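What follows is a set of notes on a single structure, which appears directly below.
The values are calculated or read from the model by the stated rules, or taken from the named source; none is laboratory data. Note that the coordinates shown come from a computational prediction; the quantities given were computed from them, not determined experimentally. Here the Cβ positions follow ideal geometry from the backbone for every residue, glycine too, while neighbour counts run over all protein chains shown. Ligands, DNA and RNA are excluded from the accessible area calculation, which covers all protein heavy atoms including side chains. Shrake-Rupley method; radii C 1.70, N 1.55, O 1.52, S 1.80 Å.
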Amino acid sequence: MTKAAVEGREIHGIKSGNDWHYCGGSIEELNQILHAYGEHIIGRMGLPYPKKGINIISIAVDAPQDIISALSGKIGKLSGVSSKAAYSKV
């Protein structure tokens, strides 16, 4: 089985600042990326955390490993946004 054919599940935690200017417009870019990968996203939950001035988004993804890697790479390049992924082949 090739790497691209291996199905996997991912939970991805994403943190961004509340201030649009602080993130350099990355919030809109993040939403565009998530929309583009919508067919692979099982669920998405966004939580504003005003006390810390951040937004927390978690997404659950079911996709081949190469799709998950591409999604993670695009999110990781956004200014003012940090993320961490946990991957499982189950």
Leu47, Leu71, ranked by accessible area, largest first (probe 1.4 Å): Leu47, Leu71
Segment Ile56-Arg9, extension gain: residue separation times 0.36 nm, minus the distance between their alpha carbons: 15.0 nm
Environment charge at Lys15 (Cβ cut-off 10 Å; Lys +1, Arg +1, Asp -1, Glu -1): +2
